[in-house]
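Working notes, structure below.
Just so you know, all these numbers are worked out from the coordinates, no wet-lab data involved. Not measured: the values here are computed from a predicted model. Here the Cβ is made from the backbone with ideal geometry for all residues, glycine too, and neighbour counts use every protein chain on show.
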Amino acid sequence: STELYRAAKPRLKPGGILAQWLPAADDAVQSAVASALKESFPYVRVFRSVEGWGYHFLASETLLPRYSAADLAERLPPAAAEDFLEWGPADTPAEQFATVLKQELTLDSLIQKAPLVEALRDDRPINEYYLLRHMTQ
């Protein structure tokens, strides 16, 4: 929610990045979360998970660098590379990063799935009322 992001921002170091995973959700929830991030941070990148189970968001007050898959792979310590490859689908860190980077979307593409839905706020928790929304449609 916008309130969560407001509370998190002062806790980030300069150049810090907030990382969030959103599990598979309906269009309204995807739009509400994306809108809250867009309202809260000037720089946001979003990637569909490799398995298609949701979205990974990276948000910051500063520009997020765009490294190549090879550059990212070179930065991984061996133990992190091992963890990164544990579930595949690729066999090398560079291939795995290439797979991830190909899944990038725009924040606006998620917002446009339900453009009339407001940004997620603590007092308007659209993510909490999935069943109610779908039973009344």
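Observations, loosely collected:
- Rounded tilt (10° steps) of 27-40 against the dominant C-alpha axis of the chain: 70
- Relative contact order for the chain: 34 percent, from Cα pairs under 8 Å spaced at least 6 residues apart, divided by residue count.
- The helix-only estimate of mean residue ellipticity at 222 nm for the chain, built from DSSP H runs of length n ≥ 4 each weighted as -39500 (n - 2.57), is -11000 deg cm²/dmol after division by the residue total.
- Label-point gap, in nm, between ASP91 and ARG75 - each point 7 angstrom along Cα→Cβ: 2.6
- Along the chain, the exposed loop sites are chymotrypsin sites (Phe, Trp or Tyr not before Pro) outside DSSP states H, G, I, E and B with at most 15 other Cβ atoms within 10 Å, and the longest stretch free of them is 1-52.
- Binned Cα-Cα distance frequencies in the stretch 11-66 - 5 Å width, integer %: 4, 19, 29, 23, 15, 8, 1
- The residues neighbouring ALA80, those whose beta-carbon lies less than 15 Å from its own, together hold a net charge of -4 under the Lys/Arg +1, Asp/Glu -1 convention.
- Summed residue charge, Cβ within 13 Å of ILE17's Cβ, Lys/Arg positive, Asp/Glu negative: +3
- Where trypsin sites (Lys or Arg not before Pro) fall in DSSP loop in the stretch 46-86, at most 14 other Cβ within 10 Å: ARG66
- Spatially proximal aspartates and glutamates relative to LYS9 (Cα-Cα < 20 Å; intrachain offsets below 8 disregarded): GLU39, GLU61, ASP122, ASP123
- Here the average projected area of the convex hull drawn through the C-alpha atoms of the chain stands at 9.3 nm².
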